[in-house]
Amino acid sequence: MGDWVAFWDSQHSLYVSARHRDVHYRTIAEDIAAYIPSSSAVVLDYGCGEALHADRIAAVRKLILVEAAPNVRAGLAARFKDHPAIEVLSPQDVRGLADRSVDLAVVNSVAQYLTSSELSALLVLFRRLLTPGGLLVIGDAVPPHTSLLTDTWALLNFAAANGFLAAAIGGLLRTALSDYRRLRSRLGLSRYSEAEMIRKLEQIGFLAARAETNIGHNQTRMTFVARPR
């Protein structure tokens, strides 16, 4: 995952405008908020990115934002340093959390950048961290039949609905020549069918199902919900 972490830590142009970045993170925050069980919950967002609207899901006992990219993580720490409910951690820090201390764990748009063994190790970690009635949400999993063209169409629809279509068209041209396109071509994305993801979760000790809708704008991708068995 190191190459991908370096990409997300760079000054990339994957978000085509400030408007795109804002509505992207707002949509994700609103979707995650729907899974929060109560205001007393401990919520962990693993691979949260810039999490511009984390305050929308921070009306809880604790919100733990986990980010591997050092510069992004530093930005998170600075942005939310005065928020009493938000804690910013590295992936290494998460391993030190107490067993059964997390009520909701969200892993959104991360699985595609991990190898199968890396994802399995992460699932084992969350199986340990979740409370007996806790919930794991894996969002934005990429199924085998999708392509860059599918993602492009989803982005254009999202842009048209949110007022940044012209910027999206220009941004897609830049992306075609960007490090993201080269990395995706070289490394590929990890893809899972619905059955494969459910089987992987069940092998780790979860009861799992596909959610009706995906987190975020791209509804050709999948979200899964899982509870410790």
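The values are calculated or read from the model by the stated rules, or taken from the named source; none is laboratory data. Since the model is a prediction, treat every value here as computed from it, not as a measurement. Cβ: placed from backbone, ideal geometry, glycine included. Neighbour counts: every protein chain shown. For the accessible areas, the whole protein counts, side chains as well, though only heavy atoms, and no ligand, DNA or RNA atoms are used. Shrake-Rupley method; radii C 1.70, N 1.55, O 1.52, S 1.80 Å.
For this structure, a couple of remarks:
- Axial C-alpha extent at least 15 Å, average Kyte-Doolittle at least -0.5 - helices from the chain (DSSP): 116-129, 148-162, 165-176
- Amide H contacts for LEU89 (H built 1.01 Å from N in the peptide plane; partners 5 or more residues away or on another chain; cut-off under 5 Å): LEU65, VAL66, GLU67.
- Surface accessible to a 1.4 Å probe, ILE86 within the full protein complex, Å²: 20
- For the chain, modelled as a GNM whose springs connect Cα atoms under 10 angstrom apart, the maximal fluctuation among ALA105, ALA54, ALA78 occurs at ALA78.
- Selection from THR213, ALA160, LEU119, by position along the positive dipole direction of the range 70-229 (Cβ): LEU119
- Gaussian network model of the chain, Cα within-10 Å springs - most flexible of LEU65, LEU125, LEU76: LEU125
- Range of Cα positions in the range 1-111 per principal axis (Å), largest first: 37, 29, 29
- Within the chain: Cβ-based charge dipole about Cα centre, in debye rounded to nearest 20 (Lys, Arg +1; Asp, Glu -1): 220
- Ordered by 1.4 Å accessible area with all protein chains kept, LYS200, LYS62, LYS81 run largest first as LYS81, LYS62, LYS200.
- Förster radius 25 Å - calculated FRET efficiency between ALA18 and LEU189 (Cβ-Cβ, nearest 0.05): 0.45
- Whole-percent P(r), the chain, all Cα pairs, 10 Å bins from 0: 8, 33, 39, 18, 2.
- Taking every protein chain into account, the 1.4 Å probe leaves TRP8 with about 70 Å² of accessible area, to the nearest ten.
- Cα-Cα P(r), the range 92-217, percent of pairs per 10 Å interval: 11, 36, 30, 19, 4
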